[in-house]
Amino acid sequence: MRLILLGPPGAGKGTQAKRLVEQHGVPQLSTGDMLRSAVANQTDVGKRAKSIMDAGELVPDEVVNQIVSDRIEEPDCANGFILDGFPRTLKQADALAEILEGKGLNLDRVVEMQVDDDALVHRITGRFTCKSCGALYHETDMPPQKEGVCDVCGSTEFVRREDDNEQTVRKRLRAYYKDTSPLIGYYHAKGSLARVDGMKEIDTVTRSIEAAIKG
Ligand code: AP5
Ligand code: ZN
(Lines give C-alpha, C1' and ligand atoms only; values in the text may rest on other atoms or scores of the structure.)
(Ligands and ions follow the chains in the order given, each with its own letter.)
Protein backbone atom coordinates (compact mmCIF):
# COMPACT_ATOMS: atom_id res chain seq x y z
CA MET A 1 0.00 0.00 0.00
CA ARG A 2 1.32 3.43 -0.96
CA LEU A 3 -0.59 6.17 0.81
CA ILE A 4 -0.23 9.91 1.42
CA LEU A 5 -1.74 11.52 4.50
CA LEU A 6 -2.32 15.15 3.56
CA GLY A 7 -3.43 17.78 6.03
CA PRO A 8 -2.47 20.84 8.02
CA PRO A 9 -0.24 20.76 11.11
CA GLY A 10 -2.09 18.97 13.91
CA ALA A 11 -4.61 17.27 11.60
CA GLY A 12 -3.60 13.91 13.09
CA LYS A 13 -1.36 12.61 10.31
CA GLY A 14 1.22 11.19 12.73
CA THR A 15 -1.44 9.71 15.03
CA GLN A 16 -3.18 7.93 12.15
CA ALA A 17 0.05 6.91 10.38
CA LYS A 18 1.19 5.03 13.50
CA ARG A 19 -2.11 3.09 13.58
CA LEU A 20 -1.92 2.26 9.88
CA VAL A 21 1.64 1.00 10.29
CA GLU A 22 0.41 -1.59 12.78
CA GLN A 23 -2.55 -2.58 10.62
CA HIS A 24 -0.81 -2.77 7.23
CA GLY A 25 2.82 -3.57 8.10
CA VAL A 26 4.29 -0.78 5.96
CA PRO A 27 6.53 1.98 7.36
CA GLN A 28 5.56 5.57 8.20
CA LEU A 29 7.73 8.03 6.29
CA SER A 30 7.47 11.31 8.19
CA THR A 31 9.67 14.01 6.70
CA GLY A 32 9.16 16.03 9.91
CA ASP A 33 10.58 13.14 12.01
CA MET A 34 13.44 12.60 9.55
CA LEU A 35 14.33 16.30 9.65
CA ARG A 36 14.10 16.43 13.46
CA SER A 37 16.42 13.45 13.65
CA ALA A 38 18.87 15.23 11.27
CA VAL A 39 18.70 18.30 13.54
CA ALA A 40 19.34 16.17 16.66
CA ASN A 41 22.30 14.47 14.97
CA GLN A 42 23.64 17.82 13.70
CA THR A 43 24.08 16.55 10.15
CA ASP A 44 24.55 19.06 7.30
CA VAL A 45 20.85 18.76 6.43
CA GLY A 46 19.95 19.22 10.10
CA LYS A 47 22.06 22.36 10.44
CA ARG A 48 20.39 23.79 7.37
CA ALA A 49 16.87 22.83 8.43
CA LYS A 50 16.82 23.83 12.12
CA SER A 51 16.20 27.58 11.86
CA ILE A 52 13.69 27.07 9.02
CA MET A 53 11.67 24.56 11.06
CA ASP A 54 11.81 26.70 14.20
CA ALA A 55 10.41 29.58 12.14
CA GLY A 56 7.51 27.43 10.87
CA GLU A 57 8.64 27.66 7.25
CA LEU A 58 9.22 24.91 4.70
CA VAL A 59 12.61 23.30 4.18
CA PRO A 60 13.75 23.65 0.51
CA ASP A 61 12.23 21.12 -1.89
CA GLU A 62 15.55 19.70 -3.09
CA VAL A 63 16.60 18.83 0.48
CA VAL A 64 13.35 17.06 1.30
CA ASN A 65 13.05 15.34 -2.09
CA GLN A 66 16.50 13.81 -1.64
CA ILE A 67 15.68 12.53 1.85
CA VAL A 68 12.49 10.86 0.61
CA SER A 69 14.03 9.44 -2.52
CA ASP A 70 16.82 7.82 -0.43
CA ARG A 71 14.35 6.50 2.15
CA ILE A 72 12.08 4.89 -0.47
CA GLU A 73 15.06 2.86 -1.69
CA GLU A 74 15.33 1.08 1.66
CA PRO A 75 14.13 -2.55 1.75
CA ASP A 76 11.31 -1.98 4.25
CA CYS A 77 9.55 0.21 1.65
CA ALA A 78 9.34 -2.62 -0.88
CA ASN A 79 5.70 -3.37 -0.01
CA GLY A 80 4.65 0.24 0.35
CA PHE A 81 4.70 3.15 2.80
CA ILE A 82 2.62 5.83 4.44
CA LEU A 83 3.85 9.32 3.63
CA ASP A 84 3.18 11.72 6.52
CA GLY A 85 4.03 15.36 5.77
CA PHE A 86 5.31 14.78 2.23
CA PRO A 87 4.69 16.04 -0.42
CA ARG A 88 4.05 19.57 0.79
CA THR A 89 4.52 21.56 -2.43
CA LEU A 90 3.67 20.96 -6.08
CA LYS A 91 7.38 20.51 -6.80
CA GLN A 92 7.57 17.78 -4.18
CA ALA A 93 4.49 16.10 -5.66
CA ASP A 94 6.14 16.13 -9.11
CA ALA A 95 9.35 14.72 -7.62
CA LEU A 96 7.38 11.92 -5.94
CA ALA A 97 5.56 11.13 -9.19
CA GLU A 98 8.92 10.86 -10.93
CA ILE A 99 10.38 8.57 -8.25
CA LEU A 100 7.36 6.25 -8.42
CA GLU A 101 7.22 6.30 -12.20
CA GLY A 102 10.90 5.30 -12.32
CA LYS A 103 9.99 2.23 -10.28
CA GLY A 104 6.79 1.47 -12.19
CA LEU A 105 4.69 2.09 -9.07
CA ASN A 106 1.44 3.95 -8.39
CA LEU A 107 -0.02 5.74 -5.40
CA ASP A 108 -3.05 3.92 -3.98
CA ARG A 109 -4.67 6.86 -2.21
CA VAL A 110 -4.17 10.41 -1.01
CA VAL A 111 -6.22 11.04 2.11
CA GLU A 112 -6.91 14.65 3.00
CA MET A 113 -7.67 15.13 6.70
CA GLN A 114 -9.88 18.16 7.32
CA VAL A 115 -9.73 19.97 10.68
CA ASP A 116 -10.72 23.54 11.72
CA ASP A 117 -7.91 26.00 12.39
CA ASP A 118 -8.89 26.65 16.02
CA ALA A 119 -8.87 22.92 16.76
CA LEU A 120 -5.45 22.60 15.11
CA VAL A 121 -3.96 25.31 17.31
CA HIS A 122 -5.51 23.74 20.43
CA ARG A 123 -4.18 20.29 19.53
CA ILE A 124 -0.66 21.43 18.77
CA THR A 125 -0.15 23.80 21.67
CA GLY A 126 -1.20 21.01 24.09
CA ARG A 127 0.81 18.23 22.46
CA PHE A 128 3.75 16.43 24.08
CA THR A 129 5.45 13.10 23.44
CA CYS A 130 7.22 10.42 25.42
CA LYS A 131 10.97 10.94 25.11
CA SER A 132 11.70 7.20 24.96
CA CYS A 133 8.98 5.71 22.76
CA GLY A 134 7.47 8.74 20.99
CA ALA A 135 3.88 8.07 22.18
CA LEU A 136 1.72 11.16 21.58
CA TYR A 137 -0.28 12.90 24.31
CA HIS A 138 -2.31 16.07 24.80
CA GLU A 139 -2.39 17.95 28.12
CA THR A 140 -6.17 18.19 28.39
CA ASP A 141 -7.60 15.84 25.74
CA MET A 142 -5.32 12.83 26.05
CA PRO A 143 -3.05 12.89 29.11
CA PRO A 144 -1.28 9.70 30.24
CA GLN A 145 -3.56 7.56 32.45
CA LYS A 146 -1.17 7.96 35.36
CA GLU A 147 0.09 11.53 35.57
CA GLY A 148 3.71 11.89 34.46
CA VAL A 149 4.10 8.25 33.36
CA CYS A 150 3.98 7.05 29.72
CA ASP A 151 1.14 4.53 29.20
CA VAL A 152 3.17 2.65 26.60
CA CYS A 153 6.68 2.31 28.06
CA GLY A 154 6.50 3.64 31.63
CA SER A 155 9.04 6.42 31.01
CA THR A 156 8.66 9.63 33.03
CA GLU A 157 10.38 11.90 30.52
CA PHE A 158 8.36 13.88 28.01
CA VAL A 159 9.29 16.43 25.35
CA ARG A 160 7.62 19.23 23.43
CA ARG A 161 8.56 20.30 19.92
CA GLU A 162 10.28 23.67 19.53
CA ASP A 163 7.77 24.67 16.84
CA ASP A 164 4.68 23.80 18.89
CA ASN A 165 3.90 27.30 20.17
CA GLU A 166 0.94 29.36 18.96
CA GLN A 167 2.95 31.92 16.98
CA THR A 168 4.84 29.26 15.01
CA VAL A 169 1.73 27.13 14.52
CA ARG A 170 0.02 30.11 12.86
CA LYS A 171 3.01 30.43 10.50
CA ARG A 172 2.93 26.69 9.75
CA LEU A 173 -0.76 27.03 8.94
CA ARG A 174 -0.06 29.90 6.54
CA ALA A 175 2.59 27.77 4.82
CA TYR A 176 0.04 24.96 4.56
CA TYR A 177 -2.65 27.09 2.90
CA LYS A 178 -0.20 28.80 0.56
CA ASP A 179 2.10 25.95 -0.54
CA THR A 180 0.46 22.64 0.40
CA SER A 181 -3.29 23.10 -0.13
CA PRO A 182 -2.85 23.29 -3.96
CA LEU A 183 -2.04 19.56 -3.73
CA ILE A 184 -5.69 18.88 -2.98
CA GLY A 185 -6.66 19.95 -6.51
CA TYR A 186 -3.59 18.25 -7.96
CA TYR A 187 -4.50 14.82 -6.53
CA HIS A 188 -8.22 15.31 -7.09
CA ALA A 189 -7.49 15.78 -10.79
CA LYS A 190 -5.56 12.50 -10.77
CA GLY A 191 -8.52 10.71 -9.18
CA SER A 192 -6.57 9.61 -6.11
CA LEU A 193 -7.97 12.00 -3.49
CA ALA A 194 -10.26 10.98 -0.63
CA ARG A 195 -11.41 13.32 2.14
CA VAL A 196 -11.99 12.44 5.77
CA ASP A 197 -13.39 14.48 8.64
CA GLY A 198 -10.40 14.80 10.97
CA MET A 199 -12.52 16.54 13.65
CA LYS A 200 -14.05 13.21 14.69
CA GLU A 201 -12.65 10.94 17.40
CA ILE A 202 -9.35 9.23 16.65
CA ASP A 203 -10.95 5.75 16.21
CA THR A 204 -13.62 7.14 13.88
CA VAL A 205 -10.98 8.88 11.76
CA THR A 206 -9.04 5.61 11.52
CA ARG A 207 -12.16 3.83 10.27
CA SER A 208 -12.80 6.56 7.68
CA ILE A 209 -9.23 6.27 6.40
CA GLU A 210 -9.50 2.48 6.18
CA ALA A 211 -12.73 2.90 4.20
CA ALA A 212 -11.01 5.41 1.89
CA ILE A 213 -8.14 2.99 1.30
CA LYS A 214 -10.56 0.22 0.31
CA GLY A 215 -12.07 2.83 -1.96
P1 AP5 B 1 5.86 17.92 10.55
O2 AP5 B 1 6.59 17.20 11.60
O3 AP5 B 1 5.40 17.19 9.34
O4 AP5 B 1 4.66 18.69 11.25
P5 AP5 B 1 3.21 19.12 10.75
O6 AP5 B 1 2.82 18.83 9.36
O7 AP5 B 1 3.15 20.54 11.15
O8 AP5 B 1 2.29 18.15 11.47
P9 AP5 B 1 2.29 17.76 12.96
O10 AP5 B 1 3.28 16.69 13.23
O11 AP5 B 1 2.37 18.99 13.83
O12 AP5 B 1 0.79 17.24 13.12
P13 AP5 B 1 0.09 15.87 12.72
O14 AP5 B 1 -0.86 16.12 11.60
O15 AP5 B 1 1.07 14.75 12.57
O16 AP5 B 1 -0.78 15.68 14.04
P17 AP5 B 1 -0.59 14.67 15.27
O18 AP5 B 1 -1.00 13.30 14.90
O19 AP5 B 1 0.76 14.85 15.90
O20 AP5 B 1 6.73 19.15 10.01
C21 AP5 B 1 7.44 19.99 10.90
C22 AP5 B 1 8.32 20.95 10.09
O23 AP5 B 1 9.29 20.22 9.33
C24 AP5 B 1 7.58 21.80 9.04
O25 AP5 B 1 7.03 22.98 9.60
C26 AP5 B 1 8.72 22.10 8.04
O27 AP5 B 1 9.57 23.11 8.52
C28 AP5 B 1 9.50 20.80 8.04
N29 AP5 B 1 9.02 19.85 7.01
C30 AP5 B 1 8.47 18.61 7.22
N31 AP5 B 1 8.15 18.03 6.07
C32 AP5 B 1 8.48 18.92 5.08
C33 AP5 B 1 8.36 18.90 3.67
N34 AP5 B 1 7.81 17.85 3.03
N35 AP5 B 1 8.79 19.99 2.98
C36 AP5 B 1 9.35 21.05 3.61
N37 AP5 B 1 9.49 21.14 4.95
C38 AP5 B 1 9.06 20.08 5.68
O39 AP5 B 1 -1.71 15.25 16.27
C40 AP5 B 1 -1.58 16.52 16.89
C41 AP5 B 1 -2.22 16.50 18.28
O42 AP5 B 1 -3.62 16.31 18.14
C43 AP5 B 1 -1.72 15.39 19.21
O44 AP5 B 1 -1.64 15.86 20.53
C45 AP5 B 1 -2.81 14.30 19.09
O46 AP5 B 1 -2.92 13.57 20.27
C47 AP5 B 1 -4.06 15.14 18.83
N48 AP5 B 1 -5.03 14.47 17.95
C49 AP5 B 1 -4.77 13.73 16.82
N50 AP5 B 1 -5.93 13.30 16.25
C51 AP5 B 1 -6.94 13.79 17.02
C52 AP5 B 1 -8.38 13.69 16.94
N53 AP5 B 1 -8.99 13.01 15.95
N54 AP5 B 1 -9.10 14.32 17.91
C55 AP5 B 1 -8.48 15.02 18.92
N56 AP5 B 1 -7.13 15.14 19.05
C57 AP5 B 1 -6.37 14.54 18.12
ZN1 ZN C 1 6.77 5.93 26.19
Inverse of <1/r> over all distinct C-alpha pairs of the stretch 57-111, i.e. the Kirkwood Rh in Å, gives 11.7 Å
Cysteines of the chain without any disulfide-compatible partner (other Cys Cβ under 4.7 Å) are Cys77
Expressed as a whole-number percentage, the relative contact order of the stretch 137-215 with C-alpha contacts under 8 angstrom and at least six residues apart is 11 percent
Sparse-neighbourhood loop hits (GluC sites (Glu not before Pro), the stretch 23-103; DSSP loop; Cβ within 10 Å at most 14 others) -> Glu73
Of all C-alpha pairs within the stretch 81-161, those more than 16 angstrom apart amount in percent to 66 percent
Relative contact order in percent for the stretch 29-165 (Cα pairs under 8 Å, 6+ apart) equals 19 percent
Ratio for the stretch 114-215, C-alpha Rg to 2.2 N^0.38 Å, reads 1.28
By the Cα gyration tensor axes a ≥ b ≥ c (a/c under 1.5 gives rounded; else a/b larger than b/c gives prolate, otherwise oblate), the shape of the chain is rounded
Excluding ligands, DNA and RNA, the carbon-plus-sulfur percentage of the accessible area of the chain with a 1.4 Å probe reads 47 percent
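Dipole of the stretch 107-215, Cα-centred, from +1 at each Lys and Arg C-beta and -1 at each Asp and Glu C-beta, to the nearest 20 debye?
For the stretch 107-215, the charge dipole is close to 420 debye.
Of all GluC sites (Glu not before Pro) in the stretch 156-202, which ones are in loop regions per DSSP and have a Cβ with at most 15 other Cβ atoms within 10 Å?
For GluC sites (Glu not before Pro) across the stretch 156-202 that sit outside H, G, I, E and B with at most 15 neighbouring Cβ atoms in 10 Å, the list reads Glu157, Glu162, Glu201.
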Pairs over 31 Å Cα to Cα, from Lys171/Lys214; Lys91/Lys171; Lys91/Lys131; Lys131/Lys190; Lys50/Lys190, come to Lys171/Lys214; Lys91/Lys131; Lys131/Lys190; Lys50/Lys190
In Å², rounded to a whole number, the accessible area per residue of the chain with probe 1.4 Å is 53 Å²
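The values are calculated or read from the model by the stated rules, or taken from the named source; none is laboratory data. For clarity, every value in this text was computed on a predicted model and none was experimentally measured. Cβ: placed from backbone, ideal geometry, glycine included. Neighbour counts: every protein chain shown. Only protein heavy atoms, including side chains, enter the accessible area calculation; ligands, DNA and RNA are left aside. Shrake-Rupley method; radii C 1.70, N 1.55, O 1.52, S 1.80 Å.
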